[in-house]
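Colleague: Structure below; questions to follow.
The values are calculated or read from the model by the stated rules, or taken from the named source; none is laboratory data. Everything numeric in this text was worked out from a predicted model, so none of it was measured. When we count neighbours, we look across all protein chains shown, and the Cβ atoms used for this are built from the backbone with ideal geometry, even at glycine. Surface areas here come from the heavy atoms of the whole protein model, side chains and all, with no ligands, DNA or RNA. Shrake-Rupley method; radii C 1.70, N 1.55, O 1.52, S 1.80 Å.
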Amino acid sequence: MTTPLTGIGVGNGTAAGPVARMAPPPPLPAARTVPPAEADTEAASVREALRHVAAELEERTSAASGDAADVLSAQAMMVADPALADRADALVHEGSDGPRALAGAFGEFRTALEAAGGLFAERVADLDDLRDRSVARFLGLPMPGLPDPGHPYVLVAEDLAPADTALLDPAQVLALVTERGGPTSHTAILARTLGLPAVVGCPHATTLTDGRTVLVDAARGSVEPDPRPETVAEAASREEQRRHRAESVSGPGRTADGHPVKLLVNLGATGELAAAAAADSEGVGLFRTEFLYLDREEAPSEEEQRAAYREVFTAFAGRRVVVRTLDAGADKPLPFAVSGDEPNPALGVRGLRTATRDPELLETQLAAVAAAAEGSGAEVWVMAPMVALPAEAAAFAARVRAHGLPTAGAMVEVPAAALRAERVAEACDFLSIGTNDLAQYTLAADRMLGDLAELLDPWQPALLELVRATARAGERNDRPVGVCGEAAADPLLAPVLVGLGVTSLSAAPNSLPEVRASLAAHTLDQCRRLAELALDAPDAAAARSAVGQAAG
Ligand code: PEP
Ligand code: MG
């Protein structure tokens, strides 16, 4: 038997099928010296290669929608940047051959992005992908990218560039396996959005050869080569039961004995709006407004914001929309909102703190939200990210109410806010626990690092203690307490969170059916017992396995 490979599972699905790997990047041929008389022709071919890649990405942009379209159009813009073509042209005229001029120009842009850090540095993978495509075009080689074996396959890659994941056809791609990437990588987020099982951060995955059958089990984070037919059959029947269970319950979330738990969707871009609005949910539990501000030199105007918010509120008329005010900094860098020279941006002026430095940013946003909310039919709540102190929550709530918005809340993402949740709850109308950041700050583990996935595991008992402290403070003060981090998407963790006292869960629309079904399978008392089991466990793995066994 071959030992399974292991990594970080995304979602809970399983899938078996033949491996197909991404076409490898084109190798650079031996260097050529371009004589001055041929430089213009060589440079023209370089420009043609860049134009071709940009045009191809634009074509793919029009075929995509939502997140995928945003990602592709951002890539098309990068490769169409005249500064890039000019630099490659100059390198040719300095004597480089076409492929080296392209590699050189992309390399310089890459260094600049890496130096910018944060989200910009994550775009490095996009640039490498664009370089490979341009060089392949120049050399007349097949485009690196998605394989097309003519049958459904498990896509295996070292890492997936957004341009590829954006175009995945869920009818052809059974699962994703990548050597690199962490729980918050592009691959992981898009896999969740598409509802594909994935295992990321899986060492040696690319040693799996094309055509070899693997069984991908996202819940276990394992990739088993050459599984026995009975193992595949058993996984297929588990998968069938999982789907059946998820589809068997609909409507507002509740436990088996009828205790209501609001199930809400997370929304991060207007492109996701149609799917989010169509999902069976009671509204939006986390509307991440950063998408409006990203890739900009300055903040969007009040009018522009109002139009974007209005679209969302109208789509959710009759339901709740919890707007999270701008959360700039660290993993969401915005040059006009945060200073670029902090030694440790995750602990710097970020989230609500940017509103103290630049009060106009928040004022404009609140004015836009208030204007958009009026007459939209949606029940609009507003919450602040990265609240650390009760006084911050109180000041934020006062500013929100001054705009005529009646319901103001605080995200609990900083351990200090969880430990003093009683007072934070008194200072505002509701709390929403951001488990992604709360895990990062509680376990002192950078949320962007796949290597630290174990520490960032939402099953960490220390994190669950803080969830309980926050939920209890909410109960005592009669304030709803939701969870809107990735933890809310885990169907096994959902009853635990409810047992700890959480009143709503907000997750990607694809994740809600399983969460709903899981809640419906447990009474509130059972949820409380599962919560005790998780809290009593010595570590995250033990907590998950104890609850898994008890939940059946
Ligand atoms: C969180 O931190 O859990 C959260 C929901 O906010 P974000 O992921 O946008 O930081
Ligand atoms: Mg957060």
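Colleague: Those residues that are surrounded by fewer than 17 Cβ atoms within 10 Å (Cβ to Cβ) and among the charged types (D, E, K, R), I need them from region 373-392; list them, please.
Modeller: Let us first name the residues in region 373-392 that are surrounded by fewer than 17 Cβ atoms within 10 Å (Cβ to Cβ), namely 374-375, 377, 391.
Answer for region 373-392, where residues must be surrounded by fewer than 17 Cβ atoms within 10 Å (Cβ to Cβ) and among the charged types (D, E, K, R): just Glu374.
Colleague: Those residues that are crowded, with 18+ Cβ neighbours inside 10 Å, within 14 Å of Gly145 (Cβ to Cβ) and at pLDDT 90 or above, I need them from region 158-175; list them, please.
Modeller: Answer for region 158-175, where residues must be crowded, with 18+ Cβ neighbours inside 10 Å, within 14 Å of Gly145 (Cβ to Cβ) and at pLDDT 90 or above: just Val173.
Colleague: Quick one: in region 285-335, which of the residues that are under 19 Å from the mean Cα position of the chain (by Cα) and more than 16 Å from ligand 2 (Cβ to nearest atom) is nearest to Arg353 (Cα to Cα)? Before the answer, list the steps.
Modeller: We begin by selecting, within region 285-335, every residue under 19 Å from the mean Cα position of the chain (by Cα); these are 285-295, 322-334.
Cutting the leftovers down to more than 16 Å from ligand 2 (Cβ to nearest atom) gives us 292, 295.
Working: Leu292: 19, Asp295: 21 Å.
If we take residues in region 285-335 being under 19 Å from the mean Cα position of the chain (by Cα) and more than 16 Å from ligand 2 (Cβ to nearest atom), then Leu292 is nearest to Arg353 (Cα to Cα).
Colleague: Provide a single number: the residues in region 54-74 that are surrounded by fewer than 20 Cβ atoms within 10 Å (Cβ to Cβ) and either under 13 Å from Asp126 (Cα atoms) or touching an Asp or Glu at 6+ places or on another chain (Cβ under 7 Å) (or both).
Modeller: Result for region 54-74: 3.
Colleague: Taking the residues in region 293-318 that are of a type in the set (Gly, Ala, Ser) and either touching a helix residue (DSSP H, G or I) at 6+ places or on another chain (Cβ under 7 Å) or under 26 Å from Ala279 (Cβ atoms) (or both) as candidates, determine which candidate is surrounded by the fewest Cβ atoms within 10 Å (Cβ to Cβ).
Modeller: If we filter region 293-318 for residues that are of a type in the set (Gly, Ala, Ser), which is where we start, we get 299, 301, 307-308, 315, 317-318.
Among the residues that remain, those that are also either touching a helix residue (DSSP H, G or I) at 6+ places or on another chain (Cβ under 7 Å) or under 26 Å from Ala279 (Cβ atoms) (or both) are: 299, 307-308, 315, 317-318.
On the way: Ala299: 20, Ala307: 15, Ala308: 19, Ala315: 19, Ala317: 13, Gly318: 9.
Among those that are of a type in the set (Gly, Ala, Ser) and either touching a helix residue (DSSP H, G or I) at 6+ places or on another chain (Cβ under 7 Å) or under 26 Å from Ala279 (Cβ atoms) (or both), it is Gly318.
Colleague: On to the next question. Within the set of pairs 6 or more residues apart or between chains, which connect a residue that is modelled with pLDDT under 90 inside region 336-358 to a residue that is of a type in the set (Lys, Arg) with Cβ atoms less than 8 Å apart?
Modeller: Pairs found: Phe336/Arg296; Val338/Arg350.
Colleague: From Ala397, Ala416, grab the single residue that is within 16 Å of ligand 2 (Cβ to nearest atom) and either hydrophobic (A, V, I, L, M, F, W, C) or within 27 Å of Glu475 (Cα to Cα) (or both).
Modeller: Numbers: Ala397 fails: within 16 Å of ligand 2 (Cβ to nearest atom).
The match here is Ala416.
Colleague: Further question on the same structure: Out of everything in region 410-446 that is among the hydroxyl-bearing types (Ser, Thr, Tyr) and either in a helix (DSSP H, G or I) or more than 9 Å from ligand 1 (Cβ to nearest atom) (or both), what residue ends up being least open to solvent (accessible area, probe 1.4 Å)? If you could, list the steps in order and put the result at the bottom.
Modeller: Restricting attention to region 410-446, the residues satisfying the condition of being among the hydroxyl-bearing types (Ser, Thr, Tyr) are 432, 435, 441-442.
Within this subset, residues satisfying the condition of being either in a helix (DSSP H, G or I) or more than 9 Å from ligand 1 (Cβ to nearest atom) (or both) are 435, 441-442.
Details: Thr435: 7, Tyr441: 43, Thr442: 43 Å².
Selected residue: Thr435.
Colleague: Could you grab me the full set of residues in region 328-365 that are in a helix (DSSP H, G or I), of a type outside the set (S, T, N, Q) and under 18 Å from Val412 (Cα atoms)?
Modeller: Here is the first cut: in region 328-365, the residues in a helix (DSSP H, G or I) are 345-347, 353-357, 359-365.
Now narrow it down to the ones that are of a type outside the set (S, T, N, Q): 345-347, 353, 355, 357, 359-363.
Of everything in region 328-365, those that are in a helix (DSSP H, G or I), of a type outside the set (S, T, N, Q) and under 18 Å from Val412 (Cα atoms) turn out to be Ala346, Leu347, Arg353, Ala355.
Colleague: Give the number of residues within region 21-33 that are buried (at least 16 other Cβ atoms within 10 Å of the Cβ) and at pLDDT 90 or above.
Modeller: Restricting attention to region 21-33, the residues satisfying the condition of being buried (at least 16 other Cβ atoms within 10 Å of the Cβ) are 21-23, 25-26.
Now restrict to residues that are at pLDDT 90 or above: 21.
Count: 1.
Colleague: Provide a single number: the residues in region 60-114 that are in contact (Cβ under 8 Å) with a residue 60 or more places away in the chain and under 33 Å from the mean Cα position of the chain (by Cα).
Modeller: Selection size over region 60-114: 14.
Colleague: Within region 249-278, how many residues turn out to be surrounded by fewer than 16 Cβ atoms within 10 Å (Cβ to Cβ) and either within 27 Å of Asp331 (Cβ to Cβ) or within 16 Å of ligand 2 (Cβ to nearest atom) (or both)? Break it down stepwise before answering.
Modeller: Taking region 249-278 and keeping what is surrounded by fewer than 16 Cβ atoms within 10 Å (Cβ to Cβ), we get 250-252, 256-258, 260, 274, 278.
Next, from what is left, pick out any that are either within 27 Å of Asp331 (Cβ to Cβ) or within 16 Å of ligand 2 (Cβ to nearest atom) (or both): 274.
Selection size over region 249-278: 1.
Colleague: Looking only at region 245-283, count how many residues are within 24 Å of the chain's Cα centre (by Cα), outside any strand (DSSP E or B) and among the small types (Gly, Ala, Ser).
Modeller: Total satisfying the criteria: 12.
Colleague: Considering only residues that are under 26 Å from the mean Cα position of the chain (by Cα) and closer than 15 Å to Pro29 by Cβ, which ones fall in region 132-157? So that I can check it myself, show each step before the final result.
Modeller: Step one: list which residues in region 132-157 are under 26 Å from the mean Cα position of the chain (by Cα), which gives 132-133, 144-147, 152-157.
Matches in region 132-157: Asp132 only.
Colleague: A follow-up question, please. Among the residues of region 393-409 satisfying the criterion of being surrounded by 24 or more Cβ atoms within 10 Å (Cβ to Cβ) and not aliphatic (A, V, I, L, M), which is nearest to ligand 1 (Cβ to nearest atom)?
Modeller: For region 393-409, the residue satisfying everything is Gly409.
Colleague: Still on this structure: For Leu512, indicate whether it is open to solvent by less than 10 Å² (accessible area, probe 1.4 Å) and either away from ligand 2 (no atom under 16 Å from the Cβ) or among the aromatic types (Phe, Trp, Tyr) (or both).
Modeller: Details: open to solvent by less than 10 Å² (accessible area, probe 1.4 Å): yes; either away from ligand 2 (no atom under 16 Å from the Cβ) or among the aromatic types (Phe, Trp, Tyr) (or both): yes.
Answer is yes for this residue.
Colleague: Applying the selection to region 15-54, what residues are out of contact with any Leu (no Cβ under 7 Å at 6 or more places or on another chain), within 30 Å of Ala219 (Cα to Cα) and not in a loop (DSSP other than H, G, I, E, B)?
Modeller: Selection gives Pro18, Arg21.
Colleague: Consider Val349 against the criteria (1) in contact with a strand residue (DSSP E or B) (Cβ under 9 Å, 6 or more places away or on another chain); (2) within 16 Å of ligand 1 (Cβ to nearest atom); (3) open to solvent by 10 Å² or more (accessible area, probe 1.4 Å); (4) within 24 Å of Gly474 (Cβ to Cβ): it satisfies all of them except one. Which criterion is unmet?
Modeller: It is condition (4) that Val349 fails.
Colleague: For region 309-326, give me each residue that is within 19 Å of Glu360 (Cα to Cα) and either of a type in the set (A, V, I, L, M, F, W, C) or not assigned by TED's automatic domain parsing to the domain that holds Glu360 (or both). Quick ask: steps written out before the conclusion?
Modeller: Of the residues in region 309-326, the ones within 19 Å of Glu360 (Cα to Cα) are 309, 323-326.
Val323, Leu326, listed by residue number.
Colleague: So which of Glu272, Glu302, Glu311, Glu290 ends up being modelled with pLDDT under 95 and either in contact with a strand residue (DSSP E or B) (Cβ under 8 Å, 6 or more places away or on another chain) or more than 16 Å from ligand 1 (Cβ to nearest atom) (or both)? Step through it out loud before you land on a result.
Modeller: Values: Glu272 fails: either in contact with a strand residue (DSSP E or B) (Cβ under 8 Å, 6 or more places away or on another chain) or more than 16 Å from ligand 1 (Cβ to nearest atom) (or both); Glu302 fails: modelled with pLDDT under 95; Glu311 fails: modelled with pLDDT under 95.
The match here is Glu290.
Colleague: Also, quick follow-up: Within region 376-388, is there a residue that is in a loop (DSSP other than H, G, I, E, B), touching a Phe, Trp or Tyr at 6+ places or on another chain (Cβ under 8 Å), more than 18 Å from Thr289 (Cβ to Cβ) and not β-branched (Val, Ile, Thr)?
Modeller: If we filter region 376-388 for residues that are in a loop (DSSP other than H, G, I, E, B), which is where we start, we get 376-378, 385-388.
From what's left, touching a Phe, Trp or Tyr at 6+ places or on another chain (Cβ under 8 Å): 376-378, 387.
Those still in the list that are more than 18 Å from Thr289 (Cβ to Cβ) too: 377.
After this cut, where a residue has to be not β-branched (Val, Ile, Thr) as well, the list is 377.
Within region 376-388, one or more residues are in a loop (DSSP other than H, G, I, E, B), touching a Phe, Trp or Tyr at 6+ places or on another chain (Cβ under 8 Å), more than 18 Å from Thr289 (Cβ to Cβ) and not β-branched (Val, Ile, Thr).
Colleague: Same structure again: Would you pick out the residues in region 447-501 that are of a type in the set (S, T, N, Q) and open to solvent by less than 20 Å² (accessible area, probe 1.4 Å)? Walk me through it before giving the result.
Modeller: Restricting attention to region 447-501, the residues satisfying the condition of being of a type in the set (S, T, N, Q) are 460, 470, 477.
Thr470, the sole residue that qualifies.
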